[in-house]
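The values are calculated or read from the model by the stated rules, or taken from the named source; none is laboratory data. Please read these numbers as outputs of a predicted model, since none were measured by experiment. Note that we place each Cβ from the backbone using ideal geometry, even for glycine, and neighbour counts take in every protein chain shown. When the accessible area is computed, the model is the full protein with side chains, heavy atoms only, and any ligands, DNA or RNA have been set aside. Shrake-Rupley method; radii C 1.70, N 1.55, O 1.52, S 1.80 Å.
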Amino acid sequence: MKPHARTAARTLLAVALSASLALAAGCAKSEDDDEGSTGAAAGSEEAKGSEQKVSGGSGPTCVIGDYGAEEIDLAGATVGFSQSEKEANPFRIAETASIKAEAEERGVELLAANAQSQFSKQISDVQDLIAKGADLLVIAPLNSDGWDPVLKSAADKKIPIVTIDRKINAEPCKDYVSFIGSDFTEQGKRAADKMIEATGGKGEIAILLGTPGNNVTTERTKGFKDRIAEKAPDLKVVFEQTGEFAREKGQQVTEQLIQSNPEITGIYAENDEMGLGAVNALKGAGKEPGAVKIVTIDGTRNAVQGIVDGWIDAVIESNPRFGPLAFETLDAFTKGEEVGQDIVIEDSEYTADNAEADLGKAF
């Protein structure tokens, strides 16, 4: 298959227009959210302005004929959705809520499964969705590798696949149609800029890494390190350890960090949950707000509140409200229109300048 040389401008415009008109769903309460935050509800005044928007630009596209599938009416189709992680993480809560809300809004039958952070279960979940008659698949992958069994099963039945928030290591417009998500390398660079600003570009910093084996962790780490090396050579990364994108693990790792590096200057957490765990550890160690500079990525309400309270310096948004854009992409594709193979969304950021005013946009 040769990718189309034509740009995706027409499709991106249509997708962006639809996404801007649709209000995405907010999230329910996190299972481990002791702050009591519920985020912006779907369709509420607070949720306005929080929908995903497509970043400008062009790139390779895909049409249904090249993929080998046949045109179908989305309204009459069954969509299978595979969530990767247990919904104790606010990002996953908001992501699932958005997918379900958009399916309901469109009257589309949705089959949903949650892998509970077990990759082998996610593979069997998707195969089960196929067996139950899913015509289309939306997958939030736990890992980037290991998808061959699913890709083969989907290819045998010519089932289009859209992945959201993480990529799989496979060929677009052959093994899957499109990836929809953030530019994770750029997120890492923006986080580095905020860390440089907060620390004055000097000192020793730690990185709380996400889970290994996926492109989010790899790219957020690379973007951060590359920007630090480029702009702040006197800011040294002296500690790196995975916090597995989990609050409890982030707290445990930070407690170890404080023991080994009590004078640490800053902490870059590759998601909000680990950053909030770091805050808990610093509080437990008797640190004052702002004593250790913290920059995180996601945009959960608790993390944005952490900025208001002085514990967190900046949060780079990673918008989880994929429902409108995922279904708009499937709708266009199944009608025979071109869609981008990589659909990159724009992400905002929260700082001391806007955190309190924009708290309602957080999830």
In whole percent, what relative contact order does the chain give with Cα contacts below 8 Å and a gap of six or more residues?
23
Taking alpha-carbon centroids only, the range 237-260 lies from the range 146-180 a number of Å equal to 33
Is the range 55-109 best put as rounded, prolate or oblate by its Cα gyration tensor, with a ≥ b ≥ c the root eigenvalues, rounded for a/c under 1.5, and otherwise prolate when a/b is larger than b/c, oblate when not?
oblate
Leaving ligands, DNA and RNA out of it, work out the accessible area of Lys236 with a 1.4 Å probe and give it in Å² to the nearest 10.
110
Relative packing of peptides 85-96, 249-260 - highest average C-beta neighbours within 10 Å first:
85-96, 249-260
Can you send over the carbon and sulfur percentage of the accessible area for the chain, probe radius 1.4 Å, protein chains only?
46
What the Cα atoms of the chain span along the principal axes, largest first and in whole Å, is 60, 39, 37
Take every Cα pair under 8 Å in the range 293-339 that's 6+ residues apart, average their separations, divide by the length, and report that relative contact order as a whole percent.
34
With a 1.4 Å probe and every protein chain left in place, work out the accessible area per residue of the chain in Å², rounded to a whole number.
40
Cα-Cα longer than 18 Å, checked against Lys100/Lys158; Lys100/Lys157; Lys86/Lys225; Lys167/Lys361; Lys158/Lys335, kept in input order, equals Lys100/Lys158; Lys100/Lys157; Lys86/Lys225; Lys167/Lys361
